[in-house]
1. Take the stretch 45-92 and flag every residue that is over 22 Å from the mean Cα position of the chain (by Cα), closer than 24 Å to residue 193 by Cα and assigned to a strand (DSSP E or B).
2. With respect to the numbered conditions (1) of a type in the set (Lys, Arg); (2) in contact with a Pro (Cβ under 9 Å, 6 or more places away or on another chain); (3) under 17 Å from residue 158 (Cβ atoms), which one is the sole condition not fulfilled by residue 462?
3. More than 29 Å from residue 264 (Cα to Cα), part of a loop (DSSP other than H, G, I, E, B) and not assigned by TED's automatic domain parsing to the domain that holds residue 477: is that true of residue 363 in this structure?
4. Give me a count of the residues in the stretch 347-371 that are buried (at least 16 other Cβ atoms within 10 Å of the Cβ), of a type in the set (A, V, I, L, M, F, W, C) and either without any contact (Cβ under 8 Å) to a residue 24 or more places away in the chain or farther than 10 Å from residue 240 by Cα (or both).
5. Is at least one residue of the stretch 167-178 assigned to a loop (DSSP other than H, G, I, E, B) and of a type in the set (A, V, I, L, M)?
6. Among the residues of the stretch 289-301, is there at least one that is over 19 Å from residue 231 (Cβ atoms) and either assigned to a loop (DSSP other than H, G, I, E, B) or in contact with a Lys or Arg (Cβ under 6 Å, 6 or more places away or on another chain) (or both)?
7. In the stretch 372-389, how many are loosely packed, with under 14 Cβ neighbours inside 10 Å and acidic (Asp, Glu)?
Amino acid sequence: MPRSTICRAAFSVSTLLVVALAATASAQTTTTKAPVYTAGKLTPTQQVAREIYKEIVEINTSVTTGNITNGALAMAKRFRAAGIPDSDIFVGGPRPEKHNVVARVRGKNPAGRKAVLLLAHLDVVEALKEDWSPEFDPFKFTEKDGYYYARGVADDKAMASIFVANLLRMKSDGYVPDRDIIVALTADEESGPFNGVDWLVQNHRNLVDAAIVINEGGDGTLRDGKPVANYIELAQKITTNYTLHVTNRGGHSSVPRADNAITSLADALAKVGRYRFPTQVSDVTRAFFAQTARVEAPAMALAMRALVANPKDKAALATLAAEPEYNTVLRTTCVATMLSGGHATNALPQLAEANVNCRIYPTETAESVRAQLERAIADTTVRVLIKSQRPSSPAAAMSPEIISAVTRATNEVFGDIPVIPTMLAGATDSRFFRTIGVDAYGVSGLFMDPTTDARAHGRDERMRIQSYFEGQEFLYRLTKLLATNPTPVP
């Protein structure tokens, strides 16, 4: 899941809890940030994390041409070396080259509480060396100017390596949690056909049976190198693809007619590009904008506050919608992504098709969006077909347990910055757990500047070194807080 698809809004969460979250953060006394990282001076636990990070980055686990099992086996070896018994390590998956690895640290379980599951995917999007800058190889772990470069350093091998390193740190320290801690590193999250989490849930649910899942999907935001907000993802839009399909009897290109499949398709795509789905502003979205206004630039903050005061404020909506990130918060979005048509250079096209990728607001359905597209196109020669859709999943509950733990870990590592719920325009494997009633949260503590560092799936993917080690400390503290019975309240 590319981190650039994160949309900072919440959905289907109690407004009172969201407001309480903001109040909790603002009411806390000033916290001194923990000194976490000094450039060029890694602690022993940081050095272990870097070694693991480098190892799995340099194993080609590309979703179509790589071997994910090699990554799973390498991490299983790390778990065994740390003293986790074979009975608590599982390697397996839907295909020989697409295995997951699951490891469990046993807790005291005084109240029989279910485990905390730390989830990350090992697979990465394809990368070609010739597509990257000459100084970088996508499958060589490279350090330069305060960043680590390689495919997967952001999505999602940072979290995968951190989870492994932190589990090893706990074992080395002799730490015994109150409840079990599970690490699951999985296959085919990146739209592969053999999703590892789905396979585990369907075939080995006991291995990933947990009360809380911590996964990717929520990052922190840097501004001028300083952390301004930490985000926790709890809901996702519904990914649906539509085919715009136009057929025609064709003919010789020397005798053109008004009815032309490619022309009709082009007109339809232009209409889809201009169409704006209705704005949706819920009580929770208003609460989100009220919080985000605290850390936004003045003009955008003014628009957010105006929207909170009046969700029908046209000027405020126009300002927010002009920013793509916030536009996706306000409505369903659809965009053309693929195009094909015609069969010969000297023939009228008999078939023209385009793929339109939509990210549907959780209150809408694939069929209702299809109907809106038909009305926007207003051409009966253009058929709008639902090509593929992912099932919707409920939002994770914002319980006091998760609120207190994330807020406390954030304040201890990054200082007094807000923790803000988010909704993804993309999708992560959290949806498989939410569908079966397990609360899954996207929160990483990995901070990035969205204007320069949002490179997942693209050229010269990178991770800020300081952010990596601060994220390691954040996730270590968060895991221990969640594994404590009961979770301490700040």
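The values are calculated or read from the model by the stated rules, or taken from the named source; none is laboratory data. Everything quoted here is computed from the prediction, not taken from an experiment. Ideal geometry is used to build each Cβ from the backbone, glycine not excepted, and the neighbour counts take in all protein chains shown.
1. 90, 91, 92, listed by residue number.
2. Condition (2) is where residue 462 drops out.
3. Values: more than 29 Å from residue 264 (Cα to Cα): yes; part of a loop (DSSP other than H, G, I, E, B): yes; not assigned by TED's automatic domain parsing to the domain that holds residue 477: yes.
Taking the combined requirement at face value, the residue satisfies it.
4. Going through the stretch 347-371 one residue at a time, the tally reaches 4.
5. yes
6. For the stretch 289-301, residues over 19 Å from residue 231 (Cβ atoms) and either assigned to a loop (DSSP other than H, G, I, E, B) or in contact with a Lys or Arg (Cβ under 6 Å, 6 or more places away or on another chain) (or both): absent.
7. 0
Here is a yes/no grid of residues against (1) more than 30 Å from residue 248 (Cβ to Cβ); (2) over 21 Å from the mean Cα position of the chain (by Cα):
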| residue | (1), (2) |
| --- | --- |
| 294 | yes, yes |
| 307 | yes, yes |
| 312 | yes, yes |
| 334 | no, no |
| 343 | no, yes |
| 348 | no, yes |
